[in-house]
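What follows is one structure encoded as structure tokens, with my remarks underneath.
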2 protein chains.
Amino acid sequence: MLKKLFPGLEWMLTYQKHDLRGDLSAGLIVAIMLIPQGMAYAMLAGLPPVIGLYASTIPLLIYALFGSSRQLAVGPVAMVSLLVLTGVQGLAEPGSSEYISLVLLLALMVGVIQLSLGLLRLGFITDFISHAVISGFTSAAAIVIGFSQLKHLLGISLPSTENVFELLLEASRQIGSINLYSFFIGITSIAILVLLKKFAPKIPAPLVVVVYSTALVYLFNLHEKGVNIIGEVPDGLPSLSFPVWSTEAISALMPVAITIAIIGFVESFAMAKVIATKEKYKVDANRELVGLGLANVSASTFSGYPVTGGFSRSAVNYGAGAKTGLAAIITAILIVLTLLFFTSWFYYMPNAVLAAIIMVAVYGLIDVKEAKHLFKIKKIDGFTLLVTFIATLTLGIEMGIFIGVIFSLVIFLWRSANPHMAELGYVGKLDAYRNTKRFNDAETFEHLSILRIDSPLYFANIQRVEARIQQAFLKSDKVDTLVIDFSGVNDVDAVAVDHLEELMNTYRDLDKRIYLCDVKGPVRDTLREAGWYETFKGQIEYQDLEHVLDHLKR
Amino acid sequence: MLKKLFPGLEWMLTYQKHDLRGDLSAGLIVAIMLIPQGMAYAMLAGLPPVIGLYASTIPLLIYALFGSSRQLAVGPVAMVSLLVLTGVQGLAEPGSSEYISLVLLLALMVGVIQLSLGLLRLGFITDFISHAVISGFTSAAAIVIGFSQLKHLLGISLPSTENVFELLLEASRQIGSINLYSFFIGITSIAILVLLKKFAPKIPAPLVVVVYSTALVYLFNLHEKGVNIIGEVPDGLPSLSFPVWSTEAISALMPVAITIAIIGFVESFAMAKVIATKEKYKVDANRELVGLGLANVSASTFSGYPVTGGFSRSAVNYGAGAKTGLAAIITAILIVLTLLFFTSWFYYMPNAVLAAIIMVAVYGLIDVKEAKHLFKIKKIDGFTLLVTFIATLTLGIEMGIFIGVIFSLVIFLWRSANPHMAELGYVGKLDAYRNTKRFNDAETFEHLSILRIDSPLYFANIQRVEARIQQAFLKSDKVDTLVIDFSGVNDVDAVAVDHLEELMNTYRDLDKRIYLCDVKGPVRDTLREAGWYETFKGQIEYQDLEHVLDHLKR
């Protein structure tokens, strides 16, 4: 009972001493990664960097207690940070106290939405977001995020717009006013990050570039030469915060809150599942929603901003040997220590290095391989990815995912409204009945036609099925019997039953017969309710094709 | 070629003399029915009654030439008339010249929409409107229409609202000012219509009540005692009319134009199909759209209003022996003669009799039996009907059908996201493998589990399928082999293939094996693209359960 409420208790009560080493080192490595990332992502979200650190304290502890994944590294992530920026910048000036207060409200809303979905066991609705949609959306968002950092990298000021082309145009206009010091720091940081990742993946590259660039600024007084630096970072723990709310603010933030709640969860849960399968334990969508929801509520009450499970940090956490939620607790403790004692060290850290960290991190999210892979297996799924990608780039983040989800569902509906149907013939070498279009040597009959329907029957496809049945009889005057193989009919609705019943009656009046065989249990139940086992006695009870053909031979 | 353009040519060129008698008598009977109905429905639409007659001339001829049904009786119908009223009354005062001009524009828009859908071969999109939605919507609209006539029946003035309860409340307030003469005419007309329909269905009841009530008004001078009468009806043919248009008017009318175009077509096409199946000819959705579209365009250029194929008039037409479109042409000629010579006869016709005709006509559209039937066969389809019914009554006509369509599609998606899966066991008496939940005597195996999936696999259900597969292995430690019967898997998308592939690899690493059997052609194609026939060679090629079990025994 208690364990159901606090999934974290499970690993706490059964903690094994030999897990401690892995948890300790993973906690440390993630903290080293999270400090610069947290500040960078907060900057991306239009917030003071310290808020990224605040969001990396209490929410991690809360998730460790209420979440069901033991390796998920919760905290600020790039995608959610971008969503925060795009959702709130229209309502207040990024960085202003009004902006911060709206972001706190947003975190609360995200938390309440996730918590409600989890408690109402509605986690399944996220199943309707196809991986193709997620992939297209993520790639596009990564590009938007990358370009949003251009201003920090170049040391110029650019309009905050999601439109990549507008950004590039404006940047080219300001090419003369680029701050070459910022640009140098940014470019060299990117180079170091990329090279270390490739040749020395064990070295914590973000830490290296942060130290390198901070030292550069400090040693050469670059902040006096136009290089933007983080400056004063308040020390001490986050104070309690209570978001002020108004109905207008809530309704203005609602679309972005829903988007963050769902996208944040989907990305996080996907990672949690991958690790859980490898470690042979189960994660549950609804419990994850509760865990993330409470983490976000705590983010809003401790001066943070929306958090979720991060892809790359979780991978690092798992790879570094994290066995339980203790790793996350250690990370949180290290961040708290940093906030208490080391914030002054960040004074000379240039914005350009944070931009470099973000750019390298999101570059890995652009997944061209997945697009090619989907196109190869099934073109239409590749198209779904492409449509989502283009819509996200051109129409914006929220619209992009909305269009992708609708597109993928319409495709599914359209496919199921155009069911696959096959005329069957006897294939001697297999001793079986197969699609005559695939097996040219399949024998057909003079008076008899066999049709297999590979689809549930429902209102949107029954008209096509009707037309196909009529066609089977129209093919030749000699055909007076149609056997329909129902093995692929997984479900029927009442509208389809009515249509079929009328058709079967019409043909009965014309002295032609329709037989069904291999009708599945759920379909049998519906036909029984419709009284078919009396109306069409002798026509629909056959367990397979052989039985009905045996019966017809007699 | 010409016949494709003018489907009507087919019956014209092959006209048989012996069809003439049926066409003549059907044409006459429909004309007698259509004259009062046309005027009544025009009144319902907020138009002068003569416009109902205009709409019963040229559009009938156009449909006879371009439509593909030979018995469909095109003209004003109750449902479309109500939609016209609800769609236009917000923009202009019903009956005003501005109102009439907007209605002409609406007819043109409906015609162009139907024509475009037909020419672009998009008729299939109407397949997505479930019969359950149509039925619920029609019943609710019938109630709204019936109550909208209360003011004419009682001889009082009521607000034009779709809200039935508001109407009843207001009517009860005005109970003192009811015109008893109108009320008497209305009630007796209803009684006559109902009784004649029941006991003497051959007698044209509308004609009888029209003559009866007109005589009453004329003989007793009831029009001087507050009974509203039709009054002057202009004689002569409809003049050419060119709808004036503005972009605001078009965008304001667009929702209702789309609704009329689709609902009008769906109702009409359903009737056309019923008759065509009985008469063994084919009607085509796209040609029907072209025929109705051109009829509506002609309605807008000859002072008419939107028309479609009427349910009851088509049934009467067919029942009276109509064999070809000649019947409709005869109807149109008779209406033209009426317009030329007999309009003065309508002067004393009371509004109350038209209200009575409408009320009796729409009462037949309230279909409680269908609701019960759907609830019996499949509860959720009954619910779809009910939801549409309630939404139409409470939220209005257009919203009602919109909610119904969305609801029915969401239900379908929801069902397909929760696929039926069954564990199979060997049933000796059938010599077959069946669902262990339905066949208690089915034998299962110690090391082997057999799972049948009855659903296409796609992004929205693959997570549940994954969970079910994991469960099959978790059931007992001894289970090391899972056979999945794919005979019910009609389709897979790329996302589902990726998920399954990962799962199969994971279990392979754990030294457990998953086998597929009876994989259908379209699914085989996708798996081949994904390289499964190399990756999982020996695991997925079996044509049925027996073959894979034979292989495993060896």
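The values are calculated or read from the model by the stated rules, or taken from the named source; none is laboratory data. Predicted model, so just to flag it, every value in this text is computed and none were measured. Backbone-built Cβ (ideal geometry, glycine too); neighbour counts: all protein chains shown. Quick note on the areas: whole protein, heavy atoms, side chains included, nothing else; ligands and nucleic acids left out. Shrake-Rupley method; radii C 1.70, N 1.55, O 1.52, S 1.80 Å.
Distance between the pseudo-spin-label points of B:SER96 and A:LEU510 (7 Å out from Cα toward the beta carbon): 5.5 nm.
Could you point to the residue in A:LEU83, A:GLN174, A:ILE403 farthest towards the positive end of the protein assembly as shown's charge dipole, with +1 and -1 charges on the Cβ of Lys/Arg and Asp/Glu respectively? Result: A:ILE403. A:MET399 sits with roughly 90 Å² accessible to a 1.4 Å probe, with DNA, RNA and ligands left out of the calculation. Starting from the label point of A:GLU443 at 7 Å along Cα→Cβ, the same points in the other copies fall at 3.4 nm, in ascending order.
Starting from the exponent 0.38 and prefactor 2.2 Å, build the expected Rg for the range A:174-225 from its residue count and divide its actual Cα Rg by it. Against the compact-globule rule of thumb, the ratio is 1.28. Put simply, the range A:203-294 fits an ellipsoid with semi-axes of 37, 26, 13 Å; these come from the alpha carbon gyration tensor as the roots of five times its eigenvalues, largest first. The B-A contact accounts for approximately 5600 Å² of buried accessible area, totalled over both chains at a 1.4 Å probe radius. For the range A:102-159, the equivalent ellipsoid derived from the Cα gyration tensor has semi-axes of 32, 19, 5 Å, listed largest first. Just to confirm the number: angle between the C-alpha axis of helix A:20-44 and the first principal axis of chain A, 0 to 90 degrees, nearest 10? The answer is roughly 80 degrees.
For the protein assembly as shown, the C-alpha radius of gyration divided by 2.2 N^0.38 Å, with N the number of residues, is 1.13. Mean partner shielding of peptide B:375-382, defined as the number of other chain Cβ atoms within 10 Å of each residue Cβ, is 6. With a Förster radius of 51 Å applied to the C-beta separation of A:LEU430 and A:VAL368, the computed FRET efficiency comes to 0.75.
Using helices alone, I'd like the mean residue ellipticity at 222 nm for chain B: each DSSP H run of four-plus residues gives -39500 (n - 2.57), total over residue count, nearest 500. That comes out to -19500 deg cm²/dmol. With kT/(6 pi eta Rh) evaluated at 4 °C and eta = 1.567 mPa s, and Rh the Kirkwood radius from Cα pairs, the range A:372-447 diffuses with a coefficient of 84 µm²/s according to Stokes-Einstein. Label-point spacing for A:SER160 across the identical copies (point 7 Å from Cα in the Cβ direction), in nm and ascending order: 4.9. Remark: the range A:326-403 is approximated by an ellipsoid whose semi-axes, taken from the C-alpha gyration tensor as √(5λ), come to 39, 17, 13 Å, largest first. Restriction of the trypsin sites (Lys or Arg not before Pro) in the range B:197-244 to DSSP coil positions whose beta-carbon has at most 10 other beta-carbons within 10 angstrom yields B:LYS202.
Taking every Cα-Cα distance in the range A:92-206 and sorting them into 5 Å bins starting at zero, the pair-distance distribution P(r) comes out as 2, 9, 10, 11, 15, 16, 15, 12, 6, 2, 1, 0 percent. Each other copy places its own label point for B:SER96 at 4.5 nm from this one, sorted shortest first, where the point lies 7 Å along the Cα-to-beta carbon line. When the listed pairs A:LYS4/B:LYS475; A:LYS520/B:LYS553; B:LYS280/B:LYS379; A:LYS478/B:LYS17 are checked against a 24 Å cut-off, the alpha-carbon distance exceeds it for A:LYS520/B:LYS553; B:LYS280/B:LYS379; A:LYS478/B:LYS17. With Rh defined as the Kirkwood radius, the inverse of the mean 1/r over Cα pairs, the Rg/Rh of the range B:495-554 is 0.96. Annotation: extensible slack from A:ILE187 through A:LEU20 equals 56.2 nm (criterion: 0.36 nm per residue apart, minus Cα-Cα distance). Over the C-alpha atoms of the range B:1-42, the Rg to Rh ratio, Rh being the Kirkwood estimate, stands at 1.18. Considering only C-alpha atoms, what is the centroid distance from the range B:297-361 to the range A:164-213, in Å? Centre-to-centre (Cα) distance: 78 Å. Of the trypsin sites (Lys or Arg not before Pro) in the range B:228-310, the ones in a loop by DSSP (not H, G, I, E or B) with at most 15 other beta carbons within 10 Å are B:LYS280, B:LYS282.
Hey, if you drop one equal point scatterer on each alpha-carbon of the range A:1-112 and run the Debye formula without solvent, what base-10 log of I(q)/I(0) do you get at q = 0.09, 0.12, 0.18, 0.24 Å⁻¹? Once normalised to I(0) and log-transformed, intensities are -0.30, -0.51, -0.93, -1.31.
So if a site counts as exposed when it's one of the chymotrypsin sites (Phe, Trp or Tyr not before Pro), its DSSP state isn't H, G, I, E or B, and it has at most 15 other Cβ atoms within 10 Å, what's the longest stretch of chain A without one? The longest uninterrupted stretch comes out as A:16-244. Look at where the Cα atoms of the range A:481-546 and of the range A:72-118 average out, and the two centres are 55 Å apart. The alpha carbons of the range A:276-375 occupy a box of 49, 32, 28 Å along the principal axes, longest dimension given first. Selection among A:VAL360, A:LEU374, A:PRO306 by position relative to the dipole of the range A:284-380 gives A:LEU374 as farthest towards the positive end (Cβ unit charges, Cα centre). Within the range B:455-508, the proportion of C-alpha pairs whose separation exceeds 16 Å stands at 42%. Here is the tail figure for the range B:317-467: Cα pairs spaced more than 25 Å apart come to 66 percent of all pairs. Of the trypsin sites (Lys or Arg not before Pro) found in the range B:452-499, the ones in coil according to DSSP and having at most 15 other Cβ atoms within 10 Å of their Cβ are B:LYS475, B:LYS478. For chain B, dividing the convex hull volume of the Cα atoms by the residue count gives 208 Å³ per residue. A dipole drawn for the range A:194-331 from +1 and -1 charges on Cβ atoms has a positive end, and of A:VAL194, A:SER268, A:VAL217 the residue lying farthest that way is A:VAL194. Inter-chain Cβ neighbour count for A:132-141, averaged per residue, equals 1 (cutoff 10 Å, partner chain atoms only). For the range A:447-553, the extents of the C-alpha atoms along the principal axes are 33, 28, 24 Å, listed from largest to smallest.
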